[in-house]
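Structure record follows, encoded as C-alpha cells.
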Amino acid sequence: MMAIESDGNLSSLNGETASPWVIKADGTSGGRGIRVANTSEESEQYFLELAQHPGLIELTKRLLLNRDRGWILSEGKQAQRGIIAQSFINGRPANCAAVCWKGELLAWICVEVIQSQGPKEPATVVQVVEGTEMARAAKRIAKRLKLSGFFGLDFVIENGTGLIYLIEMNPRCTPPCPLPLGWGRDLVAALYTQLTGKPMQDRPCVTNKSIIAYFPQCSEGDGTITDSRMADGVFYDVPEGEPELVQELLHPWSSRSYLGQLLDWLREISGRKRVLTTCVFEDAMASIKTNSAVDAIPSQLRSN
C-alpha cells in the first residue's frame with residue numbers, strides 16, 4: 001500500500017508493483033471511492049477522478065437530502081482528497097468490529113461476508129466466525145495506537161491460500177456493533193461496564209444463528225436471499241418495537257422526496273447512477289457451519 005499524491009507516485013507504483021491495483025479515496029464509503037485499475041492508464045484516470053471534490057449534484061444531495069453539512073465543510077478545507085493504492089487481492093471480504101479502552105481490546109465480533117450488494121459494495125449477509133487472526137490484528141492495533149471506543153477492520157481472505165490481509169480501518173461503529181452476541185461479543189455492554197465500573201451483565205444472546213442479514217439491505221421475504229443454503233438459518237437484524245424507524249430505513253425521505261427522485265433521474269441520464277448486482281461468495285457459502293458459531297466463546301488472545 002502507498003499514498004498517492006501525484007502522477008509521480010503512480011509512475012513509481014506502475015514500475016514496482018504488478019497490476020491490478022485498488023485505488024481508494026479517503027473518507028468515502030459504500031464502495032463509492034474504490035476503483036480497480038488493470039493498467040497504468042486506468043490508474044491515472046481513477047486517481048484524477050477520485051482526487052476531485054464532489055460535483056454539484058452530489059453536493060446538493062448531501063446538503064438537502066443527507067443533511068451532511070459537517071463533512072462537506074471539513075472536506076472543503078482540503079486541497080485534495082487523500083488517495084491510496086493497494087495491491088489487488090483476489091478473495092472474499094471479512095471484517096472485525098471491536099471496542100477498546102486505552103489500548104485494551106474489550107470485545108469483538110468477527111464475520112466473513114457471504115453476500116454483498118456488489119464485489120466492492122457493503123455486505124448484506126455475513127457469518128459470525130471466531131476469527132482469531134482478525135481479532136489478534138485488532139488487539140495489536142488498539143494497543144499500538146492506544147485507542148478508545150469503537151472501530152472496524154476490513155480484511156480480504158485470499159482465494160486458494162486462505163491468507164487474511166488487512167486492507168482498511170474505519171474509526172466508527174460498524175453493522176455488528178450493536179448486536180449482543182454473548183460473552184466476549186457484546187460490544188455495547190463491554191464499553192458500558194468499562195465506563196461505569198459496574199459488573200458485566202450477562203445479556204441474552206439476540207440470536208443463536210450464526211448467519212446475520214443486515215437491515216435495511218435485507219429484510220425477510222424481500223427476495224434478497226435466494227440461496228437455499230441460507231433459507232432457515234438467517235437472523236434478520238431488524239429493530240424491534242420501532243415501526244417508524246423501520247419504515248424510515250426501508251423508505252428514506254431522501255428517496256421519497258421529489259428532489260431525491262429528480263437527482264436519481266439526473267444520475268440515470270448522465271450515466272452516474274450505480275447499478276448494484278448481488279454478489280455471493282461461494283467460498284464463504286461452502287464454509288457455512290451446521291452448528292451455530294454464535295454459541296462458541298471467543299478464545300482468549302495471547303499477549304503478543
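The values are calculated or read from the model by the stated rules, or taken from the named source; none is laboratory data. Please read these numbers as outputs of a predicted model, since none were measured by experiment. Every residue, glycine among them, receives a Cβ derived from its backbone with ideal geometry; neighbour counts consider all protein chains shown.
Worth a mention:
- Options Arg172, Arg144; residue that is surrounded by fewer than 17 Cβ atoms within 10 Å (Cβ to Cβ), within 28 Å of Ser219 (Cα to Cα) and in the same structural domain as Ser210 (by TED's automatic domain parsing): Arg172
- Filter pass, Gly33 being surrounded by fewer than 16 Cβ atoms within 10 Å (Cβ to Cβ), out of contact with any Asp or Glu (no Cβ under 7 Å at 6 or more places or on another chain), closer than 29 Å to His251 by Cα and at pLDDT below 90: no
- Checked across region 105-119, the condition of being in contact (Cβ under 8 Å) with a residue 40 or more places away in the chain, within 20 Å of Leu163 (Cβ to Cβ), part of a loop (DSSP other than H, G, I, E, B) and not hydrophobic (A, V, I, L, M, F, W, C) holds for at least one residue.
- If you go through region 138-185 and keep only what is part of a helix (DSSP H, G or I) and of a type in the set (Val, Ile, Thr), you end up with just Ile141.
- Of all residues assigned to region 130-138, at least one qualifies as being β-branched (Val, Ile, Thr), touching a residue at least 40 places away in the same chain (Cβ under 8 Å) and not assigned by TED's automatic domain parsing to the domain that holds Gly27.
- Looking across region 38-53 at every residue that is without any contact (Cβ under 8 Å) to a residue 24 or more places away in the chain and part of a helix (DSSP H, G or I), the one that is surrounded by the most Cβ atoms within 10 Å (Cβ to Cβ) is identified as Tyr46.
- Within region 197-212, the presence of at least one residue that is assigned to a strand (DSSP E or B), assigned by TED's automatic domain parsing to the domain that holds Ser116 and either loosely packed, with under 14 Cβ neighbours inside 10 Å or in contact with a strand residue (DSSP E or B) (Cβ under 9 Å, 6 or more places away or on another chain) (or both) is confirmed.
- Filtering region 213-222 to residues that are part of a loop (DSSP other than H, G, I, E, B) and aromatic (Phe, Trp, Tyr) leaves only Phe215.
- Matching residues in region 80-127 - criterion: being surrounded by fewer than 20 Cβ atoms within 10 Å (Cβ to Cβ) and among the β-branched types (Val, Ile, Thr): Ile84, Ile89
- Any hit, region 76-86, residues being of a type in the set (S, T, N, Q), at pLDDT 75 or above and touching an Asp or Glu at 6+ places or on another chain (Cβ under 7 Å): no
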